[in-house]
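Undergrad: Have a look at the structure that comes next, please.
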Protein chains: 2
Amino acid sequence: MDFKQQLVQQSVEAKDIFLPHISADPVIFGFEHNELKVLLLKTNYRKIWLLPGGYVRKDEDLDEAVKRILKERSGITDIYLEEFGVFGKKNRSELYFEDFDDTLFQKQRFITVGYYALYSPSMFRLIPDEFSETCEWVYVSKLPEIEFGMDHYEIIQQALFTLRQKISTKPIGQNLLPEKFTLPELQKLYEAVLGKELNRGNFYRKIKNMGILKKLEEQRRGGAHKAPDLYSFDDEHYERAMKNGLNSW
Amino acid sequence: MDFKQQLVQQSVEAKDIFLPHISADPVIFGFEHNELKVLLLKTNYRKIWLLPGGYVRKDEDLDEAVKRILKERSGITDIYLEEFGVFGKKNRSELYFEDFDDTLFQKQRFITVGYYALYSPSMFRLIPDEFSETCEWVYVSKLPEIEFGMDHYEIIQQALFTLRQKISTKPIGQNLLPEKFTLPELQKLYEAVLGKELNRGNFYRKIKNMGILKKLEEQRRGGAHKAPDLYSFDDEHYERAMKNGLNSW
C-alpha cells in the first residue's frame, strides 16, 4: 500500500476511536554493553525517526493508553512507565503532516504526555507495527546524527534530563545488572546514564553511603587481575530507597 | 444569574475558544506563619472546593494557558510553575456535572495537567472570578475536612508528594523567608513542607552541608534569649543548586 493512503485510512478509523488533541509518547531507555540506548521507530512515510507514541482511546485511562501504544508499536509489554513532561507548544506537530489537508486526524494539534523507563533491551523482542519500517534500539550518542520528526528529539532530551536528576534520589540497577556485580560494573551504568566519566573513589564512597548494597563473601574468578569483590542489591533497602528517596529528611 | 445558566453560557463560548479534552490545574502552595496552605476556589455552583484550573485556548501553548488560567481565576501573576503530573482517568470529572446533559463543554472527559509552585501568600492580592464565591488560601492541615470536586484532593496530594521529594534535590526558601533568617526559621519551613518535626541537630548538619547558606556577622537583637545567628542564602550557590540539584554526581 502507498504510505500516504495508509495514513489517510488510519485517520478515518482514528476519529471514531481516539480522543482528539491528546497523545502519549514513551521514551524507553535501554542499558546494554555499557551504553545507553533509546527505542525508536523509523516511519514508512517520510523515513524519519519517531518515538513509539500514539493516541488515547475514548474508553481507556491515560495510564492504560501509553502501555497499549507501546505494545502495539514495538511489541514491548510489562513495563513500568513514569510520566516526566507534557509537550504542548501549539505548532509542535503541524509540519510533519504538511502533505495532507487539515481533515487528517493525525495533523491536528496534539498535546503529548511523555513517559520514560529504563530497562535491559535483552528483556524484549521488538516487533515493528504496520506504519514502521523498523523498530530498534538506537545509541543515545548517535541521536544528534539522525533525523527526527516533530519535537521528538527535544522530548528525548527532556526524558534524559529527568533520568539524570532521578538517579540522585532513586537507586538504579535492578533489572539492568546481573544479580551479582562488581563496583566497576555499577559505575559503568551510572556513567552511561550520566554521559560522563566519574571519579572512582568518589563513586565508591557515594554508592556505599546509599546503603543499598550487600558485599558478598565471594569474588569474581577467572580474570587476569586480582579477583574483584562481588556485590548484590540489598532488596529491602533498595525498595525502601525507591519508595522514600535516597536523601529523605 | 442562576449558576446553572452561567455554566451553560460558559459552555457555548468555550466550544469556540478552547481545545476539548485538555485542562490545566495549578496547585499553588503558600508558606505563611510557619504553615503550608494551598490556593482554592469555592464554586458558586455546588459550593464545593476546586483548584483554580481551566481550559487551553486553541491558539496558545500549554505553558501560556496555565498562567492565563491562574490569573483569570485568582488574580495571581508572575509565578513560576512546574508540571508534576497528568490526571487521565476516564471518569475523573463526570460526576461533578451530572445535573447537565452531555452537550455541556465542561462535562466532557478532560485529561488535566497539574502544575505546582510554592510562594509567600503575602505577595499576591486574590481576586475571585465570576464562577467562584471565594478564592483563598486554605491550610493544608484542614484539607481532609473540606469537600472537593472531582479528583482535586488527589491532585493536591500528588503535588504535595512531588514538593516533598523535590526538597531533597533542590533548595527552597527564596521568596519565602526574609533576606536574613535564623536556622530555626528555615527549619520551620522544612517542617511545614514535610508535615513533620525534624531533629534539630540533623537538620543543621544537612542544611549546612548543602553549601547554600552564608552565615552573617550579625545576630538578631531584641529577644529574651541569646541573640541567634543570622543567615542568608548564597545566591550563586543557591542558583547552581537549583540548576544542577543538591546531590549531583
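Undergrad: When the gyration tensor of region A:116-249 is built from Cα positions, what are the square roots of 5 times its three eigenvalues, in whole Å, from largest to smallest?
TA: Numbers: eigenvalues 190, 73, 47 Å².
For region A:116-249, the semi-axes come out at 31, 19, 15 Å.
Undergrad: Hey, another quick one. When the Cα atoms of region B:11-52 are enclosed in a convex hull and the volume is divided per residue, what value in Å³ results? Could the numbers behind the result be given before it?
TA: Values: hull volume 4.3 nm³, N = 42.
Output value, Cα hull per residue: 103 Å³.
Undergrad: For region A:187-249, take every pair of Cα atoms, bin their distances at 10 Å starting from 0, and report each bin as a whole percent.
TA: Taking all Cα pairs of region A:187-249, the binned fractions are 18, 41, 35, 6, 0 percent.
Undergrad: Between helix A:183-194 and chain A, what is the angle of the helix's C-alpha long axis to the longest principal axis, kept within 0 to 90° and rounded to the nearest 10?
TA: Compared with the principal axis, the helix lies near 30 degrees.
Undergrad: Between the DSSP loop rule and a limit of at most 10 other Cβ atoms within 10 Å, which trypsin sites (Lys or Arg not before Pro) in region B:196-248 are left?
TA: On the way: sites: B:Lys196, B:Arg200, B:Arg205, B:Lys206, B:Lys208, B:Lys214, B:Lys215, B:Arg220, B:Arg221, B:Lys226, B:Arg240, B:Lys243; in loops: B:Lys196, B:Arg220, B:Arg221, B:Lys226.
Sites meeting the loop and neighbour criteria: B:Lys196, B:Arg221, B:Lys226.
Undergrad: Residues of region A:54-95 losing 30 Å² or more of accessible surface, assembly versus chain alone, probe 1.4 Å, please list them.
TA: So the qualifying set is A:Asp61, A:Leu62, A:Glu83, A:Val86, A:Lys90.
Undergrad: All other residues with a Cβ under 11 Å from the Cβ of B:Phe3 taken together, and with Lys, Arg as +1 and Asp, Glu as -1, what is their net charge?
TA: Working: positive: B:Lys4, B:Arg46, B:Lys47; negative: B:Asp2, B:Asp99, B:Glu130, B:Glu133.
Spelling it out: positives minus negatives among the neighbours equals -1.
Undergrad: Mind grabbing the interface size between B and A? I mean buried accessible area, both sides, 1.4 Å probe, in Å² to the nearest hundred.
TA: On the way: alone 14100 and 14090 Å², together 25080 Å².
Chains B and A together bury approximately 3100 Å².
Undergrad: Using all Cα-Cα distances in region A:149-202, what percent lands in each 10 angstrom bin from 0 up to the longest?
TA: 20, 46, 25, 8, 0
Undergrad: Taking amide H positions as placed in the peptide plane 1.01 Å from N, state which residues far from B:Val27 in sequence (5 or more) or on other chains have amide H under 5 Å from it.
TA: B:Tyr115, B:Tyr116, B:Ala117
Undergrad: Based on the inverse mean of 1/r over its pairs of different Cα atoms, what is the Kirkwood hydrodynamic radius of the protein assembly as shown, in Å? List each step's numbers first, then the result.
TA: Details: mean 1/r = 0.0394 Å⁻¹.
Result for the protein assembly as shown, one decimal place: 25.4 Å.
Undergrad: Let me ask something else. Just to check I understand the Karplus step: with θ = phi - 60° and J = 6.51 cos²θ - 1.76 cosθ + 1.60, what whole-Hz values come out for region B:147-159, glycine and proline as x?
TA: 9, 9, x, 6, 9, 5, 5, 4, 5, 5, 4, 5, 5
Undergrad: Over the residues of chain A, compute the C-alpha Rg and express it relative to 2.2 N^0.38 Å. Intermediate results must be reported in sequence, preceding the final value.
TA: Values: Rg = 20.7 Å, N = 249, 2.2 N^0.38 = 17.9 Å.
Rounded to two decimals, the normalised Rg is 1.16.
Undergrad: Where the centre of each part is set by its Cα atoms, how far does region B:111-133 sit from region B:20-48, in angstrom?
TA: Comparing the Cα centres of region B:111-133 and region B:20-48, I get a distance of 6 Å.
Undergrad: Would you compute, from DSSP H runs of 4+ residues alone, the mean residue ellipticity of chain B at 222 nm, taking -39500 (n - 2.57) per run and dividing by the full residue count, rounded to the nearest 500? Please report the intermediate quantities before stating the final value.
TA: Working: 6 runs with 75 residues, N = 249.
Calculated mean residue ellipticity at 222 nm is -9500 deg cm²/dmol.
Undergrad: Would you pull out the residues with amide H under 5 Å of B:Asn44's amide H, same chain only if 5 or more places away, H placed 1.01 Å from N?
TA: The answer is B:Ser132, B:Glu133.
Undergrad: Below 17 Å, Cα to Cα, which lysines can A:Lys71 reach? Residues fewer than 8 away in the same chain don't count.
TA: A:Lys42
Undergrad: First select every other residue whose beta carbon is under 12 angstrom from the beta carbon of B:Pro228; then total the charges, Lys and Arg +1, Asp and Glu -1. Spell out each step's value before the answer.
TA: Working: positive: B:Lys180, B:Lys215, B:Arg220, B:Arg221, B:Lys226; negative: B:Glu185, B:Glu218, B:Asp229.
Result for the local shell: +2.
Undergrad: Across region A:81-86, in residue order, what do the Karplus-derived ³J(HN,Hα) couplings come to in whole Hz, using 6.51 cos²θ - 1.76 cosθ + 1.60 with θ = phi - 60° and x for Gly and Pro?
TA: Once θ is set to phi - 60°, the couplings for region A:81-86 become 10, 10, 6, 10, x, 10 Hz.
Undergrad: For region A:45-144, just the Cα atoms, rotate onto the principal axes and tell me the three extents in Å, largest first.
TA: 41, 32, 25
Undergrad: Kindly give Rg over Rh for region B:107-152, based on alpha-carbon atoms, with the Kirkwood expression for the hydrodynamic radius. Display every interim value, and only then the final one.
TA: On the way: Rg = 13.3 Å, Rh = 13.7 Å.
My calculation puts Rg/Rh at 0.97.
Undergrad: Which GluC sites (Glu not before Pro) in region A:146-249 sit in a loop by DSSP (not H, G, I, E or B) and have at most 11 other Cβ atoms within 10 Å of their own Cβ?
TA: Values: sites: A:Glu147, A:Glu154, A:Glu179, A:Glu185, A:Glu191, A:Glu197, A:Glu217, A:Glu218, A:Glu236, A:Glu239; in loops: A:Glu147, A:Glu179, A:Glu197.
In loop regions of region A:146-249 (DSSP not H, G, I, E or B), the sparsely surrounded GluC sites (Glu not before Pro) are A:Glu147, A:Glu179, A:Glu197.
Undergrad: Would you kindly give the portion of the calculated P(r) for region A:1-96 that falls above 22 Å, as a percent of all Cα pairs? Let's see the in-between values first.
TA: Values: 1620 of 4560 pairs.
Above the 22 Å cut-off, region A:1-96 has 36 percent of its Cα pairs.
Undergrad: Let me ask you something else. Once phi is turned into ³J(HN,Hα) by the Karplus curve 6.51 cos²θ - 1.76 cosθ + 1.60 with θ = phi - 60°, what whole-Hz value does each residue of region A:55-65 show in order, with x for glycine and proline?
TA: Going residue by residue, I get 9, 9, 5, 4, 10, 10, 5, 4, 4, 5, 4 Hz, with x marking Gly and Pro.
Undergrad: Something else about it: Taking a label point 7 Å out from Cα toward Cβ, give me the nm distances from B:Asp99 to the same spot in the other copies, shortest first, one decimal.
TA: 5.3
Undergrad: Would you tally the net charge around A:Lys47, using a Cβ to Cβ cut-off of less than 11 Å, leaving A:Lys47 out, and scoring K and R as +1, D and E as -1?
TA: On the way: positive: A:Lys42, A:Arg46; negative: A:Glu133, A:Glu147.
Result for the local shell: 0.
Undergrad: Can I ask one more? Test of understanding: what is the full-extension gain from B:Thr77 to B:Glu154, defined as 0.36 nm times their sequence separation minus their Cα-Cα distance? Could the numbers behind the result be given before it?
TA: Values: separation 77, 0.36 × 77 = 27.72 nm, distance 2.49 nm.
Contour length minus Cα-Cα distance gives 25.2 nm.
Undergrad: Another question, if that's okay. Against the longest principal axis of chain B, how steep is helix B:235-244, in degrees 0 to 90 to the nearest 10, with axes from Cα atoms?
TA: So the inclination is approximately 50 degrees.
The values are calculated or read from the model by the stated rules, or taken from the named source; none is laboratory data. Since this is a predicted model, take the numbers as computed values, not measurements. Here Cβ is always computed from backbone atoms with ideal geometry, including for glycine, and neighbour counts include all displayed protein chains. When the accessible area is computed, the model is the full protein with side chains, heavy atoms only, and any ligands, DNA or RNA have been set aside. Shrake-Rupley method; radii C 1.70, N 1.55, O 1.52, S 1.80 Å.
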